[in-house]
Amino acid sequence: HWSAEWGRCLALPIIYNDERELDACEARWAEGLDHLLEEVSSGRVKDADQALALLSWKTNFYLHYQGRDHTQLQKRYGQLLTALAQVACPELCRPIPRRDFTSARPMRVAFVGSHLRRQTITKLFGGWITELDRSKFEVHAVNLSAHVETGSDDLKAACHYHDLGAMPPRRLIEAMAGCGFDVIIHLDVGMHFRTQATAAFRLAPTQCCSSPLYWTRH
């Protein structure tokens with residue numbers, strides 16, 4: 001049962017009793033990550049829907065609560081997500097050619113997140129959505145949360161708003177791929193499982209995420 005295996009290998013506490021427990025949990029998490037990466041890379045996960053379910057289930061959010069430099073662990077975790085994406089939907093893992101911007105249509109920029117409401121993410125990055133120069137950019141916001149997003153009225157009024165939170169994962173990534181975005185900026189990668197799934201695929205020629213300094217401090 002791959003979901004159970006994922007949970008066994010990558011579960012972490014939020015609070016640690018002491019540095020010894022933190023060291024043990026970090027080592028166990030790294031060992032579990034290597035195990036899962038080997039299992040997926042060797043072809044044991046063959047079912048596309050199962051691979052997409054793993055991408056859309058648990059994130060590495062609690063790893064950040066250790067307050068350590070996990071650059072190398074994060075890179076290996078990214079390799080695991082990439083390997084799962086190749087199984088889940090290989091046609092959406094290939095680079096997308098950039099569009100010629102000599103045309104009359106402005107660059108289509110999409111801000112994607114699961115916290116587009118009165119929340120820290122919107123406080124930090126909402127100005128990008130509301131203040132980006134409309135003479136140069138066609139601004140979109142993509143909500144990935146299935147919950148009712150109270151406090152998002154200002155964002156909805158300021159841009160083209162896509163509420164895709166109720167879509168199952170495969171329909172979601174296919175819908176985003178069909179939007180023709182030139183740039184996708186993920187606002188909360190690592191915080192929510194649906195953002196993890198969408199960020200694993202090539203859904204626009206250029207894809208970015210918000211400042212890694214925030215994740216280091218969180």
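The values are calculated or read from the model by the stated rules, or taken from the named source; none is laboratory data. Nothing here was measured: the structure is a model prediction, and the numbers come from that model. For neighbour counting, all protein chains shown are included, and Cβ atoms are generated from backbone atoms with ideal geometry for every residue, glycine included. In case anyone asks, the SASA skips ligands and DNA or RNA and just uses the protein heavy atoms, side chains included. Shrake-Rupley method; radii C 1.70, N 1.55, O 1.52, S 1.80 Å.
Ligands, DNA and RNA are left out, and with a 1.4 angstrom probe the accessible area of the stretch 45-189 is 52 Å² per residue.
Most simply put, the stretch 106-162 has about 0% antiparallel DSSP beta bridges, counting only bridges with both residues inside it.
Of the accessible area of the stretch 82-155, computed with a 1.4 Å probe over protein heavy atoms only, carbon and sulfur atoms account for 54 percent.
Calculated [222 nm] ellipticity per residue, helices only, for the chain: -13500 deg cm²/dmol; basis is -39500 (n - 2.57) per DSSP H run with n ≥ 4, divided by all residues, nearest 500.
Place a label point 7 angstrom from the Cα of LYS75 along the Cα-to-Cβ direction, then list the residues of the stretch 89-110 whose backbone nitrogen is under 11 Å away. Under 11 Å, as judged by backbone N against the label point of LYS75, lies no residue of the stretch 89-110. Across the cross-link table entries LYS58/LYS136; LYS75/LYS123; LYS46/LYS123; LYS75/LYS156, which are compared at the Cα atoms, the separations over 31 Å belong to LYS58/LYS136; LYS46/LYS123; LYS75/LYS156. Using 0.36 nm per residue and subtracting the Cα-Cα separation, the extra length available between LYS123 and GLU138 on full extension is 3.3 nm.
The mean sequence distance of close C-alpha pairs (under 8 Å, at least 6 residues apart), as a share of the length of the chain, puts its relative contact order at 23 percent.
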